[in-house]
Amino acid sequence: MRITLHNTLSNSREEFAPANPERVTMYVCGPTVHGPSHLGNARPAAVFDVLFRLLSRAYPNVAYARNITDIDDKIIAAAEKSGEETAAVAARWRGEYERDMRRLFVLPPTFAPAATECIGAMIKMISLLIKKENAYESGGNVLFSAASFPAYGALSNRRDGDAPAVARVEAGEYKRDPADFVLWKPSPPEAPGWESPWGRGRPGWHIECSAMAAQCLGETIDIHGGGQDLIFPHHENEIAQSCCASGKAVFAKYWMHNGHLALAGEKMSKSLGNTLTISGALAKHPGEAVRYALLATHYRHPLNWSESLLSEAKRALDSLYRAAAAVTPLSAKEDAPPSDALADALADDINTPAAFAALHSAAGDIQRGKAGEEEKRAFLSGANLMGFLSQNPDEWFKGGDAAADNSEIEELIERRRRARENRDFSAADDIRKQLAARGIVLEDSPEGTKWRSAS
RNA sequence: GGCGGGAUGGCAGAGUGGUUUAUGCGACGGCCUGCAAAGCCGUUCACGCCGGUUCAAUUCCGACUCCCGCCUCCA
């Protein structure tokens, strides 16, 4: 399979050629767990999950790391507020994040390193950077010297003096240059900290990704992903740290960035305080519908989030599930290949909208009776490849708990069946209306009457 | 100011130098149905503005207008 990916480094599409096809490596920046995860965290998770699934199909071994930032000023602030240990706060929200991911049918990555589990590796890397004179100690802080890395700014296409006068970052008393950034900072006694050659402190944000990527995947990796807002400074800084520490020219060969979610045309962001949580969306919509909505637009484009987007996603999935129901006796063979149309779409820089189109057009063929066994299997395996149609259709249409007691509904349906048998259509229609009022839609067919949830 | 991304039919959203102008949702008409629902068939078919290149541009090039993101913690 020929996979093409848009590389932020070259700002163009490139054919994907892993350094070692026997072990493809991918690193994606995960969440900072200081509260409920928002939909902005869900988009990269869903997008790179599709890429992970695609790569896993194309290569024998894909090592995928998605980190958890579990030490950070926001977590410390949240802990102070609730009177808990920072570790307890982080553990709780990490658990919630992982639960959200499961409900979105996002596969667990190969590695999910937490920053606090890799402090040793970070300290080692920082020491090395000091030794190589890419970093310096100043007032209890350790800072990376941006000027010591000539390629600094290559990813974001940014040079010195590009910052607007108003937003210029101040050079702190301890900062030699405004572009320098913190690798290690001191912790006051009441804040969490770790012993280090520079005293008790904690890591800066950027260093964790460099250290964890090296630890889990190696000094040079194939793909590095994350949200667009991380290009600068986060990823720029990662490149500087990693390349200087390893002495290699390349940290990640392909840099991929997903676009933002917008709410009413405005960027959804923590600083604007207009974020929507994943669990909030999941409370109102099935996980697969949320996932579909996240993938309905090409990953590099902005995604306007709205309730109508969710309900359209739900209906689109209804039609896919109907086609799935039509082929249900058929089991999705694990080894059945997806259609060329779908595989080509995904291989073309993860073109999920085009892949959905292929899925829908296959669903249409199935409904029209034009699909052969092979096409039916391809339909199911294509949907699976994208992380959809994981439930059985009946479960999907009935919505809610499989455990719910539906005997009352079944009984009403039976009463309606008898009424229809006696051609007492007004009694039959009354029952249908009664069920409709409860959000239940009936579908009569030669095989009997089926019901589904209306929403 | 620097860097980057956009402008497609009622809405969402791919894509392409020209032959059948995705796909989904919605709307309308028909078939089916006791009536519905679902399904099927059909209708509704667009590429911001102005120039240029070309036999031919929504697609390439240039200018313009407008929108958005990054440059500060952020996916």
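The values are calculated or read from the model by the stated rules, or taken from the named source; none is laboratory data. Predicted model, so just to flag it, every value in this text is computed and none were measured. FYI the Cβ positions are ideal-geometry reconstructions off the backbone, even for glycines, and counts take in every protein chain you see. Side chains are part of the model used for accessible areas, which takes the heavy atoms of the whole protein and leaves out ligands, DNA and RNA. Shrake-Rupley method; radii C 1.70, N 1.55, O 1.52, S 1.80 Å.
Can you find a residue that is in contact with a Lys or Arg (Cβ under 7 Å, 6 or more places away or on another chain), among the aliphatic types (A, V, I, L, M) and either part of a helix (DSSP H, G or I) or buried (at least 22 other Cβ atoms within 10 Å of the Cβ) (or both) anywhere in the range A:50-64? Looking for residues that are in contact with a Lys or Arg (Cβ under 7 Å, 6 or more places away or on another chain), among the aliphatic types (A, V, I, L, M) and either part of a helix (DSSP H, G or I) or buried (at least 22 other Cβ atoms within 10 Å of the Cβ) (or both), one finds none in the range A:50-64, hence no. Here A:Gly35 fulfils each of the conditions (1) at pLDDT below 95; (2) over 19 Å from A:Arg300 (Cα atoms); (3) out of contact with any helix residue (DSSP H, G or I) (no Cβ under 7 Å at 6 or more places or on another chain) apart from (3).
Considering only the range A:264-289, state which residues are more than 6 Å from RNA strand B (Cβ to nearest atom) and out of contact with any helix residue (DSSP H, G or I) (no Cβ under 9 Å at 6 or more places or on another chain). Selection gives A:Ala264, A:Leu272, A:Gly273, A:Asn274, A:Ala283. In this structure, A:Arg94 does not qualify as within 30 Å of A:Gln391 (Cα to Cα), part of a helix (DSSP H, G or I) and open to solvent by 60 Å² or more (accessible area, probe 1.4 Å). Give me the residue from the range A:166-186 that is open to solvent by 70 Å² or more (accessible area, probe 1.4 Å) and within 8 Å of RNA strand B (Cβ to nearest atom) and, out of that set, modelled with the highest pLDDT. By that ranking, first place goes to A:Val169. Here A:Ala378, A:Ala355 are screened, and the one residue that is surrounded by 18 or more Cβ atoms within 10 Å (Cβ to Cβ), away from RNA strand B (no atom under 13 Å from the Cβ) and in contact (Cβ under 8 Å) with a residue 24 or more places away in the chain is A:Ala378. The residues of the range A:290-309 that are more than 11 Å from RNA strand B (Cβ to nearest atom) and open to solvent by less than 70 Å² (accessible area, probe 1.4 Å), listed by number, are A:Val290, A:Arg291. Scanning the range A:431-442 for residues that are out of contact with any Ser or Thr (no Cβ under 7 Å at 6 or more places or on another chain) and either open to solvent by 50 Å² or more (accessible area, probe 1.4 Å) or assigned to a strand (DSSP E or B) (or both) returns A:Arg432, A:Lys433, A:Gln434, A:Ala436, A:Ala437, A:Arg438, A:Val441. For the range A:396-410, a residue qualifies if it is under 13 Å from A:Arg438 (Cβ atoms), over 26 Å from the mean Cα position of the chain (by Cα) and modelled with pLDDT under 80, and exactly one does: A:Ala404. Of everything in the range A:18-50, what is in contact (Cβ under 8 Å) with a residue 60 or more places away in the chain, out of contact with any Pro (no Cβ under 8 Å at 6 or more places or on another chain) and more than 11 Å from RNA strand B (Cβ to nearest atom)? Give them in sequence order. Residues satisfying the conditions are A:Pro18, A:Ala19, A:Met26, A:Tyr27, A:Pro36, A:Asp49, A:Val50.
Restricting the search to helices (runs of 4 or more DSSP H) fully inside the range A:351-409 and requiring at least 2 residues that are farther than 30 Å from A:Thr4 by Cβ and among the aromatic types (Phe, Trp, Tyr) gives A:393-398. Of all residues in the range A:394-417, one or more are within 11 Å of RNA strand B (Cβ to nearest atom), open to solvent by less than 90 Å² (accessible area, probe 1.4 Å) and within 29 Å of A:Asp49 (Cα to Cα).
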